[in-house]
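Asks: Below is the structure I would like to discuss, written out as structure tokens.
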Amino acid sequence: MWIKKAEITGFGKWRQQTFLFEPKNQLVYGLNEAGKSTLYQFIQAILFGFPNKRKKGQDYTPEDGSGYGGRLTLMTEKYGQITVERYKSKNKGKAAVLLADGQQGDEALLETILYPLNQELFQQVFTFQQEQLQQLEYLQEDAMHDALVSLGLSGSNQLFEKKNTLQKKYETIYKPRGRKQTLNQALQSLQTLQQKIQQKEAQEADFQSLVRQADELQKQVSKQEAANHEAQQQQLQLEQQRLNWNNYAEYQTLKDADLSQQGSPEELAQLQEFYQEYQQLNKELEKLQQALQRHSGMDQHSAKYYFYLENEEKIQQLLEQKVAVLRLLDEEQRLTVQLAQQQADNFGWSATQAPQPFPDNATVTKFLTPLQQLQKQAEEQQIRLQLVQEQRDQAEKALNQYEKQHPELFNQPKRKPWWFVAAVIALVLAFFLPVPWRYGLVVLAAISAVLGLMKKNTTASKETWQEKLGQLDLYEGQLAELQTNFARLDKRRLQARQQVQQELQRRKLPLRETELDIQQVNQAALQFLTQQEEQSSWRTKQQEIHQQLLKQEQEFTFLQEWLPLQEKTITDKFTALEQYAKEMEQIRFAQTYQENTMLQQRMNEAKKQQQILLSVNQHLLQQLGLHYPSEVPAFLQRQQETAQKQQRLKDLEKTVAPLFPNSIDFDTIQDQLRILKEKQQTSQEALRQLQEQEQRLRLQIDQMQADGTLDAWYQQVSQQKAVVTQLLKEYAAAKLESQLLQDIATELSEQQLPELMKQASRYFQLLTDYDQARLDFAEGTVTVNQRPVYSLSTGTKDQVIMAIRFAYLALQKKHPWCPIIIDDGWLHYDHQRKRQLAKLFAEFSKDYQIICLSSDQEMVSYYQELHQPVWELKGDSR
């Protein structure tokens, strides 16, 4: 790729400027501040985006408000001529690309065209600046060789810089014998902490034993709590069995009863049809009998008998309804019994005051969990309070007893200075006595003074008394703190308990204290609602039956003048009506002696049809175990009742049977409930004792850790381990990355360096104008004619660096990604070296476009001598 044209709309000092470039070598000449660096920054900005504004960096935004940006025309091998346009105020500063065939693209297309070229490669590999040379001049010998190898392998010294950065990073973190490195210090701190903890735990030999005992007791507490919970579940199940015992007894009765139906539904339907036809024939015979009586012409004097004849059909229809009415009465009685059986243990609930129970026991447990946790905390706090109270009382008792045994602690007599007086007298006498006696008196004076200074050795120890007093104060402080915490906790517990009671009242559930009692009441409420649904359907059915019976009684109204029916039940009314009809039939038989032949024949014919119907269905009657047609209504009633019982059995199998997995009687349920309640009391007491023992041990452990040393050290060890782990990760990552770069460099050096050094030698010969000059690389060292690089002059070093960089680019000449831009990189060159450098540019431009930006007039003369293009920046378009 090479740059054909740069059109600047506004960038730095440039406004509406156009620059045309040659595809090969060229020198852009201009004095300082002529805009050479601005032109370079423009090319970079159009290719890779505008630079961010920095406080210390140069801002190229036009101050006169001109459009910030422009366009570049590039020539590429794959896409031909393309135009890249970029303006800061347009499309958020993103590029617009126009291809030769008219297609347009965006920033993504530009990245595809330039790939693998990016801004970092553009700056480090294809740009030659004096700052890059200055960074390499002051390196030590080994660093210089590494940097040269990096230049040869990657075209820049980034590989070298990255490796050095990583090496400095992991050496800053850790060195095998280092002391100041962070990981070394962290490991030393961790080791010191662990040693302190071991010493502290050794001093507290029984600490771990107490912890193990407390943990074991905690396991026993958990086991006992699980056993108590299991017993509660058993008690709940038994309570549910007790509440549903009546339904279970009904279920057992129905289960043991023979509920098999006689006959198939088709046979029952056929039987029903036969009975209806048989009854119609009976009614026909009755009508013929009545007609025969009227036709006989016999005088009837009895008004009661006349009333019967006038209403005989209505009376017979009424008598035919007796069986159906008796069925309704039986059903009404059954529903009344069922409703009466479910009125017990309802805690005052009714249809208007129905409870609102929890959905299940799990919801009850979740609802009571906050209160139970507070109650458990309060119980534990109460145990701790009691234990500290006991310790405080013991400490107070020990202090009082010690003070009684040693009253001199508070009433010490003033000591008289007799020993000092004796010492003074002995010293005075020593001046007047001869030498042997003088020395003796001096010794005596010294002994008297020492005895005077010594305190009287009493059996009471002030330190012991202060220690006991401090222990009492410690317990007093703990007790006050525990009392405050308990009062606060108890207040929260009472509030939670009040909330529970309010919720129970809102749900219309009786107040209970324990979870088990509340679950039992909740089960009763759930069962009550289930019963309410059943009772609602029963009451509806009962009301329907009652309305039918009332309607049936109203049909007896026309008989009140002839029969004594007042204040009689409907059953008695049917009995009276049957007796009345029987008497009237007897009168009819007595008065009807002559029979009309025609009517008699019709009656005979009806009877014959009746016999035929009976003979046709005789097999069905025998199959169903019936002997007479009159047995059919009762048989059908029994089959209907059997079907109802079968449905009831199915309902009970779903609702009641799961509650009774094993056969049991009511007395056994009551006995097991009583045994479980007693067992619960014993288990609760055992649990309380275990919890108290655990609390005592926990209190001792807390007191052993009262100074906070172990706890603080444990926390410090945990934090220090986290620090060590993080530092190890950082050290391992830097070490691994550094080693990886080293391995990559080694692999590349074996493959690429021989050809690279051969090409670099050729360019170095051109730069030095010395055909025998040679660059070699052996055992990790770059030499110039077998001389180390660091011993060369600054200018020669620059030539070595230039030769190696151009050698790397020469190896990539098959794919020239970018023009080479050189910005005054020969400050250490004399006129001969500059001339040779110009020759190198001219030769190298056969494969690359070279844009040399310079303010050196001497370089202009060399370009002109070599017939290379030169143009000057004067602010005019070109």
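The values are calculated or read from the model by the stated rules, or taken from the named source; none is laboratory data. Worth saying up front: this structure is predicted, and the values here are computed from it rather than measured. Glycine gets a Cβ as well: all are built from the backbone with ideal geometry, and neighbour counts include every protein chain shown.
Asks: Just to verify a result, which residue in region 809-849, among those that are in contact with an Asp or Glu (Cβ under 9 Å, 6 or more places away or on another chain) and among the aliphatic types (A, V, I, L, M), is nearest to residue 120 (Cα to Cα)?
Replies: 809
Asks: Which one is surrounded by the most Cβ atoms within 10 Å (Cβ to Cβ), of the residues in region 732-774 that are in contact with a strand residue (DSSP E or B) (Cβ under 6 Å, 6 or more places away or on another chain) and either modelled with pLDDT of 80 or more or within 25 Å of residue 839 (Cβ to Cβ) (or both)? Before the answer, list the steps.
Replies: Going through region 732-774, the residues in contact with a strand residue (DSSP E or B) (Cβ under 6 Å, 6 or more places away or on another chain) turn out to be 753, 757, 760-761, 764.
Pick out the ones that are also either modelled with pLDDT of 80 or more or within 25 Å of residue 839 (Cβ to Cβ) (or both) and you get 757, 760-761, 764.
Numbers: 757: 21, 760: 29, 761: 19, 764: 25.
Restricting to residues being in contact with a strand residue (DSSP E or B) (Cβ under 6 Å, 6 or more places away or on another chain) and either modelled with pLDDT of 80 or more or within 25 Å of residue 839 (Cβ to Cβ) (or both), the top hit is 760.
Asks: For the structure I just gave you, tell me whether residue 54 is under 20 Å from residue 120 (Cα atoms) and modelled with pLDDT under 95.
Replies: Values: under 20 Å from residue 120 (Cα atoms): yes; modelled with pLDDT under 95: yes.
Judged against the criteria, residue 54 is a match.
Asks: Right, here's the next one. Going through region 608-629 one residue at a time, which ones are under 18 Å from residue 320 (Cα atoms) and surrounded by fewer than 12 Cβ atoms within 10 Å (Cβ to Cβ)?
Replies: If the condition is that a residue be under 18 Å from residue 320 (Cα atoms) and surrounded by fewer than 12 Cβ atoms within 10 Å (Cβ to Cβ), then 628 is the only one that fits.
Asks: Restricting the search to region 213-229, which residues are exposed (fewer than 13 other Cβ atoms within 10 Å of the Cβ), within 21 Å of residue 678 (Cβ to Cβ) and either in contact (Cβ under 8 Å) with a residue 12 or more places away in the chain or basic (Lys, Arg) (or both)?
Replies: 223, the sole residue that qualifies.
Asks: For region 77-93, give me the residue count where each residue is in contact with a Leu (Cβ under 9 Å, 6 or more places away or on another chain) and either in a strand (DSSP E or B) or modelled with pLDDT of 95 or more (or both).
Replies: Going residue by residue through region 77-93, those that are in contact with a Leu (Cβ under 9 Å, 6 or more places away or on another chain) are 79-86.
If we keep only those that are either in a strand (DSSP E or B) or modelled with pLDDT of 95 or more (or both) as well, we get 80-86.
Qualifying residue count for the region: 7.
Asks: Looking at region 663-670, is at least one residue surrounded by 16 or more Cβ atoms within 10 Å (Cβ to Cβ) and over 36 Å from the mean Cα position of the chain (by Cα)?
Replies: Looking only at region 663-670, we keep the residues that are surrounded by 16 or more Cβ atoms within 10 Å (Cβ to Cβ), and these are 669.
The next check asks that each one be over 36 Å from the mean Cα position of the chain (by Cα); those that pass are 669.
Yes, there is a match, as at least one residue in region 663-670 is surrounded by 16 or more Cβ atoms within 10 Å (Cβ to Cβ) and over 36 Å from the mean Cα position of the chain (by Cα).
Asks: Next up: Out of (1) within 30 Å of residue 524 (Cα to Cα); (2) free of Cβ contacts under 8 Å to residues at least 12 places away in the same chain, what's the single condition that is false for residue 618?
Replies: Checking residue 618 against (1) within 30 Å of residue 524 (Cα to Cα); (2) free of Cβ contacts under 8 Å to residues at least 12 places away in the same chain, the one that fails is (1).
Asks: Would you please name the residue that is surrounded by the fewest Cβ atoms within 10 Å (Cβ to Cβ), looking only at residues in region 230-273 that are within 15 Å of residue 646 (Cβ to Cβ) and aliphatic (A, V, I, L, M)?
Replies: The extreme case among them is 257.
Asks: Going residue by residue through region 867-877, is there one that turns out to be closer than 23 Å to residue 34 by Cβ and buried (at least 20 other Cβ atoms within 10 Å of the Cβ)? Explain how you work it out, then say what you get.
Replies: From region 867-877, those closer than 23 Å to residue 34 by Cβ are 868-877; that's our starting set.
The next check asks that each one be buried (at least 20 other Cβ atoms within 10 Å of the Cβ); those that pass are 868, 873.
Yes.
Asks: Which one of 148, 193 is assigned to a helix (DSSP H, G or I), at pLDDT below 60, buried (at least 17 other Cβ atoms within 10 Å of the Cβ) and among the aliphatic types (A, V, I, L, M)? It would help to see each step written out before you state the result.
Replies: On the way: 193 fails: at pLDDT below 60.
It is 148.
Asks: Hey, another quick one. Would you point out the residue of region 458-513, among those that are among the polar types (S, T, N, Q) and in contact with a His (Cβ under 8 Å, 6 or more places away or on another chain), that is farthest from residue 524 (Cα to Cα)? Steps first, answer last, please.
Replies: Step one: list which residues in region 458-513 are among the polar types (S, T, N, Q), which gives 458-459, 461, 464, 466, 471, 478, 483-485, 495, 498-499, 501-502, 505.
If we keep only those that are in contact with a His (Cβ under 8 Å, 6 or more places away or on another chain) as well, we get 458-459.
On the way: 458: 77, 459: 74 Å.
Once the filter is applied, the top-ranked residue is 458.
Asks: If you don't mind, there's one more thing I want to ask. Are any of the residues in region 395-406 modelled with pLDDT of 80 or more, polar (S, T, N, Q) and surrounded by 13 or more Cβ atoms within 10 Å (Cβ to Cβ)?
Replies: So far as region 395-406 goes, no, none of its residues is modelled with pLDDT of 80 or more, polar (S, T, N, Q) and surrounded by 13 or more Cβ atoms within 10 Å (Cβ to Cβ).
Asks: Before we move on, is residue 692 exposed (fewer than 12 other Cβ atoms within 10 Å of the Cβ) and modelled with pLDDT of 75 or more? I'd like the intermediate steps shown before the answer.
Replies: Values: exposed (fewer than 12 other Cβ atoms within 10 Å of the Cβ): no; modelled with pLDDT of 75 or more: yes.
So residue 692 fails the test.
Asks: State whether the residues of region 261-276 include one that is within 30 Å of residue 524 (Cα to Cα), part of a helix (DSSP H, G or I), touching a helix residue (DSSP H, G or I) at 6+ places or on another chain (Cβ under 9 Å) and among the aliphatic types (A, V, I, L, M).
Replies: Checked against the condition, which is being within 30 Å of residue 524 (Cα to Cα), part of a helix (DSSP H, G or I), touching a helix residue (DSSP H, G or I) at 6+ places or on another chain (Cβ under 9 Å) and among the aliphatic types (A, V, I, L, M), region 261-276 yields no hits at all.
Asks: Taking the conditions exactly as written (in contact with a Ser or Thr (Cβ under 9 Å, 6 or more places away or on another chain), of a type in the set (Asp, Glu) and in contact (Cβ under 8 Å) with a residue 60 or more places away in the chain), does residue 77 satisfy them or not? Write out each step before concluding.
Replies: Working: in contact with a Ser or Thr (Cβ under 9 Å, 6 or more places away or on another chain): no; of a type in the set (Asp, Glu): yes; in contact (Cβ under 8 Å) with a residue 60 or more places away in the chain: yes.
Here the answer is no, as residue 77 does not meet what is asked.
Asks: Let me ask you something else. Does any residue of region 658-680 turn out to be assigned to a loop (DSSP other than H, G, I, E, B), over 30 Å from residue 221 (Cα atoms) and charged (D, E, K, R)?
Replies: Going through region 658-680, the residues assigned to a loop (DSSP other than H, G, I, E, B) turn out to be 660-665.
Cutting the leftovers down to over 30 Å from residue 221 (Cα atoms) gives us 660-665.
Still in the list and also charged (D, E, K, R): 665.
Yes; the residues of region 658-680 include at least one that is assigned to a loop (DSSP other than H, G, I, E, B), over 30 Å from residue 221 (Cα atoms) and charged (D, E, K, R).
Asks: Follow-up. Among residues belonging to region 25-49 that are assigned to a loop (DSSP other than H, G, I, E, B) and touching a helix residue (DSSP H, G or I) at 6+ places or on another chain (Cβ under 7 Å), point out the one that is surrounded by the fewest Cβ atoms within 10 Å (Cβ to Cβ). Show your work before the answer.
Replies: Keep residues of region 25-49 that are assigned to a loop (DSSP other than H, G, I, E, B), which gives 30-35, 49.
If we keep only those that are touching a helix residue (DSSP H, G or I) at 6+ places or on another chain (Cβ under 7 Å) as well, we get 30, 49.
Values: 30: 18, 49: 16.
Selected residue: 49.
Asks: Residue by residue through region 86-108, note down the ones that are surrounded by fewer than 18 Cβ atoms within 10 Å (Cβ to Cβ), over 47 Å from the mean Cα position of the chain (by Cα) and either under 17 Å from residue 4 (Cβ atoms) or acidic (Asp, Glu) (or both).
Replies: Correct list: 98, 99, 100, 101.
Asks: Looking at region 98-117, is at least one residue assigned to a loop (DSSP other than H, G, I, E, B) and in contact with a strand residue (DSSP E or B) (Cβ under 6 Å, 6 or more places away or on another chain)?
Replies: Checked region 98-117: at least one residue is assigned to a loop (DSSP other than H, G, I, E, B) and in contact with a strand residue (DSSP E or B) (Cβ under 6 Å, 6 or more places away or on another chain).
Asks: Something else about it: Determine whether region 839-846 contains at least one residue that is hydroxyl-bearing (Ser, Thr, Tyr) and part of a helix (DSSP H, G or I).
Replies: Kept after step one, since they are hydroxyl-bearing (Ser, Thr, Tyr), are these residues of region 839-846: 845.
Checking which are part of a helix (DSSP H, G or I) leaves us with none.
No, because not a single residue in region 839-846 is hydroxyl-bearing (Ser, Thr, Tyr) and part of a helix (DSSP H, G or I).
Asks: Tell me, yes or no, whether region 16-23 has at least one residue that is surrounded by fewer than 18 Cβ atoms within 10 Å (Cβ to Cβ), in a loop (DSSP other than H, G, I, E, B), of a type outside the set (S, T, N, Q) and touching a residue at least 60 places away in the same chain (Cβ under 8 Å). First the steps, then the outcome.
Replies: Initially, region 16-23 is screened for residues surrounded by fewer than 18 Cβ atoms within 10 Å (Cβ to Cβ), giving 16, 18, 20, 22-23.
Then drop every residue that is not in a loop (DSSP other than H, G, I, E, B), which leaves 22-23.
Pick out the ones that are also of a type outside the set (S, T, N, Q) and you get 22-23.
From what is left, the residues that are touching a residue at least 60 places away in the same chain (Cβ under 8 Å) are 22-23.
Yes, region 16-23 has at least one match.
Asks: Answer yes or no: is there a residue in region 552-567 that is assigned to a helix (DSSP H, G or I), touching a Ser or Thr at 6+ places or on another chain (Cβ under 8 Å), surrounded by 12 or more Cβ atoms within 10 Å (Cβ to Cβ) and polar (S, T, N, Q).
Replies: Quick first cut of region 552-567, residues assigned to a helix (DSSP H, G or I) only: 552-554, 557-559.
Next cut, touching a Ser or Thr at 6+ places or on another chain (Cβ under 8 Å) only: none.
The answer is no; no qualifying residue exists.
Asks: Can you find a residue that is farther than 27 Å from residue 33 by Cα and modelled with pLDDT of 85 or more anywhere in region 813-824? Before you say what the answer is, go through the steps one by one.
Replies: Looking only at region 813-824, we keep the residues that are farther than 27 Å from residue 33 by Cα, and these are 813-817.
Right, trim to modelled with pLDDT of 85 or more and you get none.
There is no residue in region 813-824 that is farther than 27 Å from residue 33 by Cα and modelled with pLDDT of 85 or more.
Asks: Now, a different point. Quick check on my filter: what residues within region 606-627 are in contact with a helix residue (DSSP H, G or I) (Cβ under 9 Å, 6 or more places away or on another chain), among the polar types (S, T, N, Q) and within 23 Å of residue 639 (Cα to Cα)? Outline the logic, then answer.
Replies: Filtering region 606-627 for residues in contact with a helix residue (DSSP H, G or I) (Cβ under 9 Å, 6 or more places away or on another chain) gives 606-607, 609-610, 613-614, 616-617, 620-621, 623-627.
From what's left, among the polar types (S, T, N, Q): 609-610, 617, 623.
Matches in region 606-627: 617, 623.
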